[in-house]
Ligand code: FES
């Protein structure tokens, strides 16, 4: 900064027609003495778009072309969204599907063109004059800094850390090593083999296992299920006894199996059921069974509306149509509730034909591998 008190720049700027361009008004009228002389501003150079109307028009057209291309690319994104099924054409390019590639490319190009257009606008057409604003000292007043240092020293003296290097060094080590668990836990967020995914893909259900009422464990006679009923149930193996011969489970294993085995059983007019292909024989006289665990993030669902056959998850309002393979009709869940194939045994009790044929509960990276 120069030692003079003037705000006049060393190189006054005039517009191409000769009229002076005012400098920014933030320039102070008083400047303190500075140890380094103010070098001033370099001579202003006008851009071609400032002095040549043709260049200005050309830049205008270039920028407009970028914005129009961005619009087209965004529209192509919508077209691609509806044209390609997610999961189709998985080997289109480098193992990525047509949907992934086209959605990524069109959205990426659109954003890139908008960004490039804005940069061009700023560089070629926006007002071009230098702004000057004085920097103010960032440091706190000396007395505040002294008080802070004094407070720190007092604290250290009282804690006796300076006199006890063993305590000081081990404390620093303990706090430093505390960062390791956070780093290790990040591993669980990544796709990979960190999880025992078999545990997530299988439940305790097996062919011939009876459905029982939750809490009490009584088996469910098909003939006793009323039209419009919703029964909260689970697998008979969760109520082991000498009679049924299922082994006792304990602790975390019992809790995990209990959560995965939870089901809802409803009965409706068989004519109202729209089974998926291959699931025509998964119901018994209109009795149909699904996992009770929401496919969004795993809350237990149970709010049933018998007239529409919709069941609602209380956590985020995902709604599933039980008459139509539990497809999602509303909410954030991305896939239907898994269905348990049903049959009846010799005594007329409801039994499972098999385990669930897909992982139950919330989605996870490795789900497709199961
Ligand atoms: S857990 Fe069911 S909607 Fe979120």
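Just so you know, all these numbers are worked out from the coordinates, no wet-lab data involved. As the structure is a prediction and not an experimental result, all values here were calculated from the model. As a convention, Cβ positions derive from the backbone with ideal geometry for all residues, glycine included, and neighbour counts pool all protein chains shown.
Structure above, values below:
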item: Anisotropy class of region 120-172 from Cα gyration tensor, a/c 1.5 cut; result: oblate
item: Spatial separation of Cα centroids for region 91-112 and region 37-69, in angstrom; result: 34
item: Stretchable slack from residue 65 to residue 346, in nm (0.36 nm times residue separation minus alpha-carbon distance); result: 93.7 nm
item: Separation between Cα centres of region 125-139 and region 258-325, rounded to whole Å; result: 64
item: Whether region 221-370 is rounded, prolate or oblate, judged on the alpha carbon gyration tensor where a/c under 1.5 counts as rounded; result: oblate
item: Residues 128, 229, sorted so that the one with the fewest Cβ neighbours within 10 Å comes first; result: 229, 128
item: Region 142-189: C-alpha gyration tensor shape, a/c 1.5 cut-off, then a/b vs b/c; result: oblate
item: Virtual spin-label span in nm between residue 123 and residue 55, 7 Å along Cα→Cβ; result: 1.4
item: Fewest-first ranking of 145, 210, 306, using other Cβ atoms within 10 Å as the exposure measure; result: 145, 306, 210
item: Exposure proxy order (Cβ contacts within 10 Å, fewest to most) of 199, 260, 54, 124; result: 54, 199, 124, 260
